[in-house]
Structure formats: structure tokens, C-alpha cells
Amino acid sequence: MTRSTRQNFLGADSDEKLRSVTVGLVGLGGGNSHVVQQLSHVGIGRLVCVDDDIVEDSNLNRLIGGRSADLDPALHKTSIAERMVRGLVEGAEAVFLPCRWEAAREELARCDIIVGGLDSYRARSELEGFCRRLMIPYIDMGMDVHDVGDGFAIGGQTILSMPGGPCLWCMGMLSEPRLAEEAQRYGAAGGKPQVVWPNGVLASLAVGLVVQLVTPWTKAPLASAYLEYDGNRQQVATSNRLKAIAGQPCTHYPANDVGDPLFDVRLMIARTEPPAAAVPADRPADGFWTWLRAWFSRRPA
Ligand SMILES: [Zn+2]
């Protein structure tokens with residue numbers, strides 16, 4: 001992308017770092033329609049956008065960039081995302097794939113970070129498994145509206161699932177009862193109500209995590225994150241679930257079974273300086289995380 005973002009406070013070479021990164025977006029509904037817009041503004045180098053869905057009338061209250069005229073003929077959500085990205089960034093390097101994400105594995109495998117905006121638990125479990133196998137940090141967003149008797153509770157969460165750290169199963173986001181209950185509904189997420197502003201909060205948290213992963217802005221490299229949004233109180237807080245499992249190894253994706261066994265994100269986090277700043281000279285052109293993994297695997301433990 002040709003955009004100059006001039007976000008100097010993120011670090012001296014932050015624009016270059018952001019340009020070196022490929023982010024995959026799986027699902028381009030309410031949440032990721034915000035994310036794709038923000039990532040374009042931020043100056044992410046390459047986007048891989050995947051969704052096989054077409055826009056419906058019921059989506060327009062929350063689909064950023066969606067227009068009434070997009071209903072007839074109904075456009076793919078990838079077309080709406082493409083129009084927005086190319087309208088914001090001339091010459092944007094981005095691919096838009098109107099297919100199921102499983103059919104876009106090759107493109108997604110080349111991503112440095114993947115952001116999921118998926119409805120079903122089953123799909124999230126499968127996407128997280130894919131990311132773990134390839135050592136790709138996965139950011140998961142989910143929004144819920146609960147009937148609490150005398151009103152409704154709006155809430156949601158944005159989770160960063162890092163290779164080597166706790167997964168969605170460790171954090172309780174995924175569980176057998178949840179998947180079983182969903183399977184009884186034939187895999188449907190049940191048409192969860194979605195509204196634009198909580199999606200916007202959760203998406204902004206996701207974009208913040210992407211930028212925090214890539215730039216030296218906050219100094220300490222990011223480990224895992226489980227950010228809970230209470231829409232009734234308009235508050236975001238780190239989930240107690242993450243605090244409760246601190247220090248416990250993930251048994252669902254043991255380090256020896258997946259990806260590069262030399263890669264241990266906890267050792268990387270223990271460093272006082274972000275490794276990204278340490279050895280810029282031998283950084284290959286094919287992506288920040290590829291370089292980071294290669295750099296880390298050469299370090300003595
Ligand atoms: Zn786990």
C-alpha cells in the first residue's frame with residue numbers, strides 16, 4: 001500500500017513494520033468490516049480477505065461500507081470490503097476471496113496474523129487449530145446479546161491466541177458443551193443479534209492488538225489477551241479467566257506437537273527488548289513473523 005501513516009509515536013520504523021505485515025481476515029461481517037477499514041487506515045502492507053457470504057438486508061445495520069444498492073443484485077461481502085479498501089488506499093495490496101476459508105488455506109497460511117469474525121464455535125475452533133499448526137497469532141472477536149429478564153445485556157470479547165500461550169479452549173471460550181449445544185442447532189450460530197457499535201469496540205481492540213504485535217509502541221512484546229466488553233457499563237477489562245490460568249501450559253496444542261518446537265513465545269516475551277528491533281539487517285522480505293520466527297529459532301534458549 002502506498003499510504004504514509006506517519007504514526008511516529010508507534011516507533012521510528014513503525015510504518016515500515018506495518019507495511020511488512022500480511023493480515024488475514026476470515027469473515028467480513030459486522031466485526032471484520034470495521035477491522036478491514038481500520039487496517040487500511042493504519043497502513044498494513046497486505047490484506048487477505050475471505051468470506052463466501054453475500055450481503056442481506058438484515059446486515060446493513062452493521063456492515064461498514066454496505067449500501068442499500070448492494071442488495072440487488074446482492075454483492076459478496078468481499079466486494080464491499082474491496083470497494084472500501086481500494087477507495088481508501090490507492091494501489092492497495094489485497095486479495096478478496098469469496099469462498100469458505102478452508103478453500104483459501106494457501107493464502108491464509110502466508111499471513112502473519114489472522115483476525116476471525118466467525119459466528120460458530122466449531123468454525124472458530126477449526127480456524128484456531130489451523131493458526132496453531134502454522135504458528136500464526138489468531139485474534140478472535142465475538143459479540144453477544146443476552147436476555148436477562150428485565151432487559152438485555154450487550155457484551156463480547158476480543159481474544160489474542162498466541163502460539164505457545166493459552167488457546168480458546170484454555171480460556172473457556174470454546175468448550176465441549178458449547179460445541180455440542182451448537183451442533184444440536186445443526187451448526188447454526190442461531191442468528192445472534194449484532195449491532196454496529198459493540199462490533200466497533202471489539203474490532204478496535206482487535207486492531208490495537210495487531211498494531212501492538214507489530215510495532216514497538218508499548219515496549220513489552222504482547223503475550224495473550226482476553227478483553228471483555230461490557231456494553232451496558234461501557235467498560236473493557238481483562239477477563240478473570242485469563243488471570244485464572246496464568247502460567248498454565250496449553251494442553252490442547254502442546255508445543256512439541258505443533259509448528260516449530262524451537263519456538264517458545266514465553267522465552268521471547270521474557271526478553272526486555274522487543275526482538276523486532278534487534279536484528280533488522282537480515283530480515284527477509286516475506287513477512288515480519290516469518291522473520292521473527294527465523295530469528296528466534298537461531299537464538300540459544
Ligand atoms: Zn489450550
Could you count how many residues in the range 225-253 are under 30 Å from VAL148 (Cα atoms), within 16 Å of the ligand (Cβ to nearest atom) and touching a residue at least 12 places away in the same chain (Cβ under 8 Å)? 6
Going by what's in this entry, would ASN59 be described as exposed (fewer than 15 other Cβ atoms within 10 Å of the Cβ) and touching a helix residue (DSSP H, G or I) at 6+ places or on another chain (Cβ under 8 Å)? no
Being out of contact with any Asp or Glu (no Cβ under 7 Å at 6 or more places or on another chain), part of a loop (DSSP other than H, G, I, E, B) and either at pLDDT 95 or above or within 16 Å of the ligand (Cβ to nearest atom) (or both) narrows LEU160, LEU202, LEU179, LEU174 down to just LEU174
Would you check if there is a residue in the range 125-138 being in a strand (DSSP E or B), under 28 Å from GLN234 (Cα atoms) and touching a Ser or Thr at 6+ places or on another chain (Cβ under 8 Å)? yes
Cβ contacts < 6 Å: first residue within 8 Å of SER40 (Cβ to Cβ), restricted to the range 81-96; second residue among the basic types (Lys, Arg), any location; separation 6+ or different chain. Result? VAL89/ARG3; ALA92/ARG86
If the Cβ limit is 9 Å and pairs must be 6+ apart or interchain, which residue in the range 9-38 that is closer than 25 Å to VAL55 by Cα pairs with which residue that is assigned to a helix (DSSP H, G or I) and of a type in the set (Ser, Thr, Tyr)? LEU28/THR78; HIS34/SER204; VAL35/SER204; GLN38/SER204
Could we say that ILE64 is of a type outside the set (Phe, Trp, Tyr), closer than 26 Å to ILE136 by Cα and part of a loop (DSSP other than H, G, I, E, B) here? no
Within the range 175-195, can one find any residue that is touching a Leu at 6+ places or on another chain (Cβ under 8 Å) and polar (S, T, N, Q)? no
When only residues in the range 254-269 that are among the charged types (D, E, K, R), modelled with pLDDT under 55 and within 16 Å of the ligand (Cβ to nearest atom) count, which is surrounded by the fewest Cβ atoms within 10 Å (Cβ to Cβ)? ARG266
Out of ALA104, ALA123, report the one residue that is within 17 Å of ASN32 (Cβ to Cβ) and either loosely packed, with under 15 Cβ neighbours inside 10 Å or touching a strand residue (DSSP E or B) at 6+ places or on another chain (Cβ under 6 Å) (or both). ALA104
Any idea which of (1) of a type outside the set (Phe, Trp, Tyr); (2) touching a Pro at 6+ places or on another chain (Cβ under 8 Å); (3) in a helix (DSSP H, G or I) is the one ASP52 doesn't satisfy? (3)
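The values are calculated or read from the model by the stated rules, or taken from the named source; none is laboratory data. It should be emphasised that the depicted structure is a prediction, and the values quoted were computed from it without experimental measurement. Using ideal geometry, Cβ is built from the backbone for each residue, glycine included, and neighbour counts are taken over all protein chains shown.
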